[in-house]
Amino acid sequence: KKKAVDTEVVEGAGASARLVLILKAGTKSGYSGVIPNGKLWRARIYMPAKKQRDTVGTYDSPKEAAIQLAIAQKEMEKGFGSLYSPLKRQTKGAPTL
């Protein structure tokens, strides 16, 4: 029997409408797939084909990172491969999108 997953639903508009954020107790962010990155928060999505997590982006708050992660997950489920949000912070030396 699967354990119930704690979630938070975000009411929004456009890409963020009715997003389901996965809560994870015992983490600094409180969200699954969101980890601290200095003073910011990194959203990471699991890529089954690669059997690893890829970075979606780095954001100011854990909730913002979780929302972008949920958007990326929704896009992946639709068959779109791009993980990159227009809100993604560019790291030094990274190519611009």
Determine the relative contact order of the stretch 25-71: mean sequence separation of Cα pairs under 8 Å and six or more apart, normalised by residue count, in whole percent.
34
How far is it, in nm, from the label point at THR55 to the one at LYS74 when both lie 7 Å from their Cα along the line to the Cβ?
2.4
Roughly speaking, to the nearest percent, how much of the stretch 32-83's 1.4 Å accessible area is carbon and sulfur?
52
For LYS63, the aspartates and glutamates lying under 12 Å Cα to Cα, once residues fewer than eight places off in the same chain are dropped, come out as GLU8
Please list 57-65, 34-42, 17-25 highest first by mean number of surrounding beta-carbon atoms within 10 Å per residue.
57-65, 34-42, 17-25
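The values are calculated or read from the model by the stated rules, or taken from the named source; none is laboratory data. Because the structure is a prediction, the values reported are computed rather than measured. Every residue, glycine among them, receives a Cβ derived from its backbone with ideal geometry; neighbour counts consider all protein chains shown. To get the accessible areas, we keep the full protein, side chains included, count just its heavy atoms, and leave off ligands, DNA and RNA. Shrake-Rupley method; radii C 1.70, N 1.55, O 1.52, S 1.80 Å.
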